[in-house]
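The values are calculated or read from the model by the stated rules, or taken from the named source; none is laboratory data. Since the model is a prediction, treat every value here as computed from it, not as a measurement. Here the Cβ positions follow ideal geometry from the backbone for every residue, glycine too, while neighbour counts run over all protein chains shown.
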Amino acid sequence: MLRVSRLLVSTLALSVASCSSLFPSGGGGAPPTTGPSTPTGCAATGEHVAPGGYYVKGNTVCTALGKAHLFHGVDRPSLEWSPIGQNLSAPDFQLMASWQANVVRIALNQDFWLAGSSATPNKLYDAGYPYLVDSAVNWAESAGMDVILDLHWSDTGVLGGCDPMGNCQQSMADVNSITFWTEVATRYKDDGRVLFELYNEPHDVTWDVWKGGGSSGKGWTAVGMQQLYSAVRAAGADNLVVIGGLNYAFDLSGVPSNRIEGYNILYATHPYNESGKGPASWDRSWGFLTATDPVVVTEFGDSSMVTTDGGVSACASAYSQELITYADAHGASWTAWAWFPGGCAFPSVIAGWDGTPNAPGMVVKTALLGYHDPAADGTKAGTRAGDAGASAGDAGDAGPSGSDAGTHAGDANSQ
């Protein structure tokens, strides 16, 4: 997300320094404008499945046991702007799981990962970074959640060119992103509970460049989604791959005529409460695609504030509630931005590191508690393997203490 990265610089300077009425039936609430998408089903015919993971059949994500599956969870930023992250710990992931999230999306920075950036003036490579990502994956999976690894920030093909105190979200991936995904896919190809989101928010390129690469229009060469996808498969990884559209990943309208060739592909959208991205545009921009392909909303939120009846300012939540309702009706998965106490403008779903939800966070938490989403191996968030039948309400609210910090890293000015 690009919206408020200017706030990130000042924040980093300081940091380096009734629920059931929302979704009465569990998950979403009021009926959508259009009818629900029909799941394709999971009849297996020699599908590619990474160990312990999933496969795609038509518009449906399926477990290795042939059961339809949806991902519902939260986004966890900080590893895109810091090689050591902020407040990353096993208890933090356990708190996410206490909301009954079954997936967490973790934002990454290729310059922290790639050893070649150690020879550059910024020396952004951190030898411990891949091991910290390993730890985050282990903490998430131990808490019962799958993981989406998201290439959030990149460097326009100049190793070490990402200034983490600024904004390194580019219009598209670059040649170094191929190396990144080759290494990441090789590392996690034996863990099917790890999904790969190839590039966070493509924008300001044509659909041809989005798919096949070419000129970025800014003096460097962009790499397309087909090339990134091929790098993952060439590494021997059958993991699910997540591919975001244009207009900061919001727009999937060009996918049918620019479809990525391959298997186990989900398409991602990022709806935010901004001009041109309201509910009236969802059908034509991404909802239509749920009829043919799995769609996952890997970011959504509203950075505005409202005044309550008592005259108190609060984070706006109506957009998030409507989005979840729509996603549920269309069989779309989702992860909410963001599990990070950065305030309404970030936008955040928690008020502090103890996991206390703010207003949109309460919408997200209530929806999560209404689902029944075991992972591929039968593990449900907050339970042990084999406990997939546990009640969705068996989750607590308490957690470790911490301090507020942050803004939505990765986004500047507008979506």
Inter-residue pairs, beta-carbon under 6 Å, first among the small types (Gly, Ala, Ser) and in region 116-130, second surrounded by 14 or more Cβ atoms within 10 Å (Cβ to Cβ), 6+ apart: Gly116/Leu159; Ser117/Asp111; Ser117/Leu124; Ser117/Tyr125; Ser117/Leu159; Ser117/Gly160; Ser118/Tyr125
Within region 167-242, helices (runs of 4 or more DSSP H) holding 1 or more residues that are among the acidic types (Asp, Glu): 175-188, 207-212
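Asn200: in contact with a Gly (Cβ under 9 Å, 6 or more places away or on another chain) and either among the β-branched types (Val, Ile, Thr) or over 18 Å from Asp75 (Cα atoms) (or both), yes or no?
Working: in contact with a Gly (Cβ under 9 Å, 6 or more places away or on another chain): yes; either among the β-branched types (Val, Ile, Thr) or over 18 Å from Asp75 (Cα atoms) (or both): no.
Criteria not met by Asn200.
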Candidate set from region 225-246 (those that are over 20 Å from the mean Cα position of the chain (by Cα) and farther than 27 Å from Gly287 by Cα); member that is surrounded by the fewest Cβ atoms within 10 Å (Cβ to Cβ): Gly236
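Residue check: is Asp134 buried (at least 24 other Cβ atoms within 10 Å of the Cβ), at negative phi and more than 16 Å from the chain's Cα centre (by Cα)?
Values: buried (at least 24 other Cβ atoms within 10 Å of the Cβ): no; at negative phi: yes; more than 16 Å from the chain's Cα centre (by Cα): yes.
No.
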Residue satisfying condition, being out of contact with any helix residue (DSSP H, G or I) (no Cβ under 6 Å at 6 or more places or on another chain), assigned to a loop (DSSP other than H, G, I, E, B) and modelled with pLDDT under 50, within set Asp397, Asp377, Asp354: Asp397
Given (1) surrounded by fewer than 23 Cβ atoms within 10 Å (Cβ to Cβ); (2) modelled with pLDDT of 95 or more; (3) not in a loop (DSSP other than H, G, I, E, B), index of the condition Gly331 fails: (3)
Contacts under 8 angstrom Cβ, first residue in region 144-156 being under 14 Å from Val74 (Cβ atoms) and in a loop (DSSP other than H, G, I, E, B), partner modelled with pLDDT of 95 or more and small (Gly, Ala, Ser), 6 or more apart: Gly144/Ala97; Met145/Gly73; Met145/Ala97; Met145/Ala101
Residue in region 160-176 that is farthest from Gly212 (Cα to Cα), counting only those that are over 18 Å from the mean Cα position of the chain (by Cα) and at pLDDT 95 or above: Asn176
Subset of region 279-321 [closer than 21 Å to Leu369 by Cα, assigned to a helix (DSSP H, G or I) and over 16 Å from the mean Cα position of the chain (by Cα)]: Ala318, Tyr319, Gln321
Selection status of Gly262, closer than 14 Å to Leu198 by Cβ and assigned to a loop (DSSP other than H, G, I, E, B): yes
Among the candidates Ala249, Ala222, Ala268, residue that is surrounded by 19 or more Cβ atoms within 10 Å (Cβ to Cβ) and either over 16 Å from the mean Cα position of the chain (by Cα) or more than 21 Å from His330 (Cα to Cα) (or both): Ala222
Which numbered condition Ser216 misses (of (1) on the phi < 0 side of the Ramachandran plot; (2) surrounded by fewer than 19 Cβ atoms within 10 Å (Cβ to Cβ)): (2)
